[in-house]
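Step one of this worksheet: look at the structure below.
The values are calculated or read from the model by the stated rules, or taken from the named source; none is laboratory data. Since the structure is predicted, the reported quantities are computational estimates derived from the model, not experimental observations. Because the Cβ atoms are built from the backbone with ideal geometry, glycine has one as well, and the counts that use them run over all protein chains shown. With ligands, DNA and RNA removed, areas are computed over all heavy atoms of the protein, side chains included. Shrake-Rupley method; radii C 1.70, N 1.55, O 1.52, S 1.80 Å.
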Amino acid sequence: MTKQEKLFNIQKYNFAAYDLLLYLDTHADDKKAFKLFSELVMKLKALKKEYEREYGPLTPYSAAEQGAFTWLDSPWPWEKEANK
């Protein structure tokens, strides 16, 4: 899977998890939705961890888990020209 495909998967899971989060704000008793939300969040965490292991941090907060502040190292995920 390419770097861009990995970023796209992260975006998809992030969108789906956030959408369910908004739903759960008004339907907190929906156990099925909460189970799916939890599964999406776990998958999202795994995808981010895999991406960051290969390409570096996605956010400055995740840089804190890498032992050094590598957030300023380029290219950043949104720098399309440098991520080809």
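Of all residues in segment 6-20, those that are more than 15 Å from ALA46 (Cβ to Cβ) have Cβ atoms under 8 Å from Cβ atoms of residues that are surrounded by 17 or more Cβ atoms within 10 Å (Cβ to Cβ) and among the aliphatic types (A, V, I, L, M), 6 or more apart or on another chain, in LEU20/LEU40. Taking every residue in segment 55-84 that is closer than 22 Å to GLU5 by Cβ and at pLDDT 70 or above and pairing it with any residue that is of a type in the set (Ser, Thr, Tyr) and in a helix (DSSP H, G or I), at least 6 positions away or on another chain, the pairs with Cβ-Cβ distances below 8 Å are LEU58/TYR51. Anything in segment 3-24 that is of a type outside the set (A, V, I, L, M), more than 10 Å from the chain's Cα centre (by Cα) and open to solvent by less than 80 Å² (accessible area, probe 1.4 Å)? List them, or say none. Passing the criteria: only LYS3. Does at least one position in segment 25-34 carry a residue that is surrounded by 15 or more Cβ atoms within 10 Å (Cβ to Cβ) and within 13 Å of the chain's Cα centre (by Cα)? No; the residues of segment 25-34 include none that is surrounded by 15 or more Cβ atoms within 10 Å (Cβ to Cβ) and within 13 Å of the chain's Cα centre (by Cα).
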